[in-house]
Amino acid sequence: MSLVVTIADMAALAASLAAAWLWFQASRRTVRRISYQETLDAADFNRIVTALNRTSILNGRAAAASGVAALCVAARFLLDLIAR
């Protein structure tokens, strides 16, 4: 039973680190500021939409990794309760 608890702990740790890394990567993607004097063309809109889409994808993956980490922690607590 000790091995199963250790595996659950390691899985929760790995999923938490993955979520943290993905959110760090999402926060590093910034969109270039545009001044009010500038006219926006199709390339500008494409760049903005692409940056927002990539950030959204990374945030979704990070949220999924956080969910997996929460499930691993819940499994760990259940295993601890069952072992008593």
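The values are calculated or read from the model by the stated rules, or taken from the named source; none is laboratory data. In this text, all values refer to a predicted model and were calculated from it rather than measured experimentally. Note that each Cβ is placed from the backbone with ideal geometry, even for glycine, and that neighbours are counted across all protein chains shown. Remember, those area values only see protein heavy atoms, side chains included, never the ligands or the DNA or RNA. Shrake-Rupley method; radii C 1.70, N 1.55, O 1.52, S 1.80 Å.
Calculated from the alpha-carbon coordinates, the chain shows an Rg and a Dmax of 20.0, 68 Å respectively.
For Cα pairs less than 8 Å apart in space and 6+ apart in sequence, what is the mean separation divided by the residue count of segment 12-84, i.e. the relative contact order in percent?
Numbers: 44 pairs, mean separation 41.9, N = 73.
Normalised by residue count, the contact order of segment 12-84 is 57 percent.
Potential lengthening of the chain between residue 17 and residue 37 amounts to 3.0 nm, from the contour at 0.36 nm per residue minus the alpha-carbon distance.
Take the Cα of residue 2, go 7 Å toward its beta carbon, and the backbone nitrogen atoms of segment 46-84 under 19 Å from that spot belong to 76-77, 79-84.
Taking chymotrypsin sites (Phe, Trp or Tyr not before Pro) across segment 1-69, the ones in a DSSP loop with at most 16 further Cβ atoms lying within 10 angstrom of their Cβ are 36.
Roughly what angle does helix 2-28 make with the longest principal axis of the chain, taking Cα atoms, 0 to 90 degrees, to the nearest 10? Helix 2-28 and the main axis of the chain meet at about 10 degrees.
So which residue, out of 39, 55, 30, gets the largest mean-square fluctuation from a GNM of the chain using Cα contacts under 10 Å as springs? Fluctuation is largest for 39. Over segment 1-54, accessible surface divided per residue gives 80 Å², non-protein components excluded, 1.4 Å probe.
Share of carbon and sulfur in the accessible area of the chain stands at 66%, probe radius 1.4 Å.
Once the Cα atoms are used to define both axes, helix 42-83 deviates from the longest principal axis of the chain by about 10 degrees.
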